[in-house]
Amino acid sequence: MMRVAWMTAAVAACVVSAPANAANVVLVNLSGDFQIRVASGYFDPADLPDGAGGTTPTPQVNLAGYGGRLRFSTRVTADATGYAPSVIPILYQNRALIDIFNGDGTVLYSAELASTNYEPDPDAEYFRATFNGNRRDGEYYTLYSMNGFTQQIVSFNYANGGTSGSGSLLDSFEGGEFAERQNVSFSFNLIGGSTAGSVPEPTTWALMILGFGAVGGAMRRRRPVTRLSTAH
């Protein structure tokens, strides 16, 4: 599983030096808006009711060459209080929206996939969100699975601020109560876009942590001063 390598060390230092009222530390707060081009894959729409209690199969669409839009947001936080440095929980919150367009600009396929998990997380097999990177280069992954039948996975990497990169999407409902749902699987390339938000550098975090520690230490050392005055 991907990691933001410097996060654990930064948060561990924060636990040691931050004042007692320190709360969640925001490590990543980032969003992106990219144009994509499907490299290969398909869209298999759900079968339509035939009016007689059955369904009529719908044709599968080859998505190769179709254009689309990918928007994402990721937020990574860590609880800097109450935990030993080796077990600090890191919370990943990812959200991705993908639209694939017909030639006339109408939406052929649209999906929104969000996943939130703490790490370490006992449910990471079924709900997983990870991120590693910054505004210029990064890797994103989110997964949702239920009952062993439903799988939705979005993963991608971007470089040069989102002007290049690649990824894939799986939106599969095979079996159980979801058997009649659509199935989608395709890979894509990023062909343009941008990112916004903040991903502090390790040195920035170090300075912030030292600052918090200094302020907290000063507050703890401060003693009340009583001034006496006499009336003349």
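At-a-glance table
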{"read-out": "Note, ³J(HN,Hα) from phi for the stretch 98-106, Karplus 6.51, -1.76, 1.60, rounded to Hz, x at Gly and Pro", "value": "10, 10, 10, 9, 6, x, 8, x, 6"}
{"read-out": "Residues with amide H under 5 Å from that of residue 66, placed H, sequence gap 5 or more", "value": "38"}
{"read-out": "Cβ-derived FRET efficiency at R0 22 Å, residue 114 paired with residue 35, nearest 0.05", "value": "0.55"}
{"read-out": "Residue-span extension gain [residue 56 to residue 189] - 0.36 nm each, minus C-alpha spacing", "value": "44.6 nm"}
{"read-out": "Full-extension gain in nm, residue 107 to residue 198, via 0.36 nm per residue minus C-alpha separation", "value": "29.7 nm"}
{"read-out": "Karplus-derived 3J(HN,Hα), 6.51/-1.76/1.60, for each residue of the stretch 155-166, Hz, glycine and proline x", "value": "9, 6, 10, 9, 9, 6, x, x, 7, 8, x, 7"}
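Each value in this text was obtained by applying a stated rule to the coordinates, not by laboratory testing. Since the structure is predicted, the reported quantities are computational estimates derived from the model, not experimental observations. Backbone-built Cβ (ideal geometry, glycine too); neighbour counts: all protein chains shown.
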